[in-house]
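Participant: Before I ask anything, let me first share the structure, which is written out below as structure tokens.
The values are calculated or read from the model by the stated rules, or taken from the named source; none is laboratory data. Fair warning: this is a prediction, and the values are worked out from it, not measured in the lab. All Cβ positions, even for glycine, are placed from backbone atoms using ideal geometry, and neighbour counts span all protein chains on display.
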Amino acid sequence: MNNISRKEFLQKSFAGVVASFVGIGAAHSQNPQSTDTVQQAVAQQRANAFIMTPEERKAAKGNLAVTENNRLANGGKPWIDHYSVWDEDGYKVEEKEYNAWGIVTERITYQYDKATGKITEERVYDDKNKLIRVRKYEYYNLKDVLRKKKQFNYNPDGKLYSVKDYEYAFKSK
């Protein structure tokens, strides 16, 4: 993610995954006998799209810790930017964001529904490790994929202060 924001990175990654799926479909339509190659490509794209079976998630991310370091373009001393931790089952359980002086500016913890693999709750803490926000999620099935339906945002005292609704529309050809 050199010199691009996380949002730009995710958008570009998603665009690449969509382009790859289109390519896979085109290759399969030209040679429908190549199911092994198509299945391998689909498995790779599932991994790239962060859609993993529990076994794949555990193998790829179980007990993983990732430190993201940053440095100025003209050199200089690197500083820690983000630190993320995954549990033994491959679920991200904590993420910390740091400023250029190495001080934690935000910490987020995650809870999951292990049956679906979806995040059910995020707890956001400030630079003093004080709970500032709780996000809870509802999902629904759209084209055999569980997608976010609602995000409920709570104050630290448990009072609901906002609700975000997600709408999905597939472009027609």
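Participant: Output the qualifying pairs, or none if there are none: Cβ atoms under 8 angstrom, residues six or more apart or on different chains, first residue in the stretch 71-89 and free of Cβ contacts under 8 Å to residues at least 12 places away in the same chain, second residue among the hydrophobic types (A, V, I, L, M, F, W, C) and surrounded by 10 or more Cβ atoms within 10 Å (Cβ to Cβ).
Facilitator: Hits for this filter: 71/79.
Participant: Going by what's in this entry, would residue 56 be described as of a type in the set (Asp, Glu), at pLDDT below 85 and surrounded by 11 or more Cβ atoms within 10 Å (Cβ to Cβ)? Write out each step before concluding.
Facilitator: Numbers: of a type in the set (Asp, Glu): yes; at pLDDT below 85: yes; surrounded by 11 or more Cβ atoms within 10 Å (Cβ to Cβ): yes.
So residue 56 passes the test.
Participant: Moving to a separate point now. Quick check on residue 78: is it assigned to a loop (DSSP other than H, G, I, E, B), loosely packed, with under 15 Cβ neighbours inside 10 Å and either touching a strand residue (DSSP E or B) at 6+ places or on another chain (Cβ under 7 Å) or not assigned by TED's automatic domain parsing to the domain that holds residue 56 (or both)? If you could, list the steps in order and put the result at the bottom.
Facilitator: Numbers: assigned to a loop (DSSP other than H, G, I, E, B): no; loosely packed, with under 15 Cβ neighbours inside 10 Å: yes; either touching a strand residue (DSSP E or B) at 6+ places or on another chain (Cβ under 7 Å) or not assigned by TED's automatic domain parsing to the domain that holds residue 56 (or both): yes.
In short, no.
Participant: Shifting gears a bit: Can you name the residue in the stretch 87-117 that is hydroxyl-bearing (Ser, Thr, Tyr) and not in a strand (DSSP E or B) and, of all such residues, is modelled with the highest pLDDT?
Facilitator: The residue in question is 91.
Participant: Among the listed residues 165, 113, which satisfies the condition of being under 21 Å from the mean Cα position of the chain (by Cα) and exposed (fewer than 12 other Cβ atoms within 10 Å of the Cβ)? Let's see the steps before the verdict.
Facilitator: Values: 113 fails: exposed (fewer than 12 other Cβ atoms within 10 Å of the Cβ).
From the options 165, 113, the qualifying one is 165.
Participant: Another question, then. I'm trying to understand the selection: among the residues of the stretch 85-109, which are closer than 14 Å to residue 125 by Cβ and charged (D, E, K, R)?
Facilitator: Step one: filter the stretch 85-109 for residues closer than 14 Å to residue 125 by Cβ, giving 93-98, 103-109.
Those that are closer than 14 Å to residue 125 by Cβ and charged (D, E, K, R): 94, 95, 96, 97, 106, 107.
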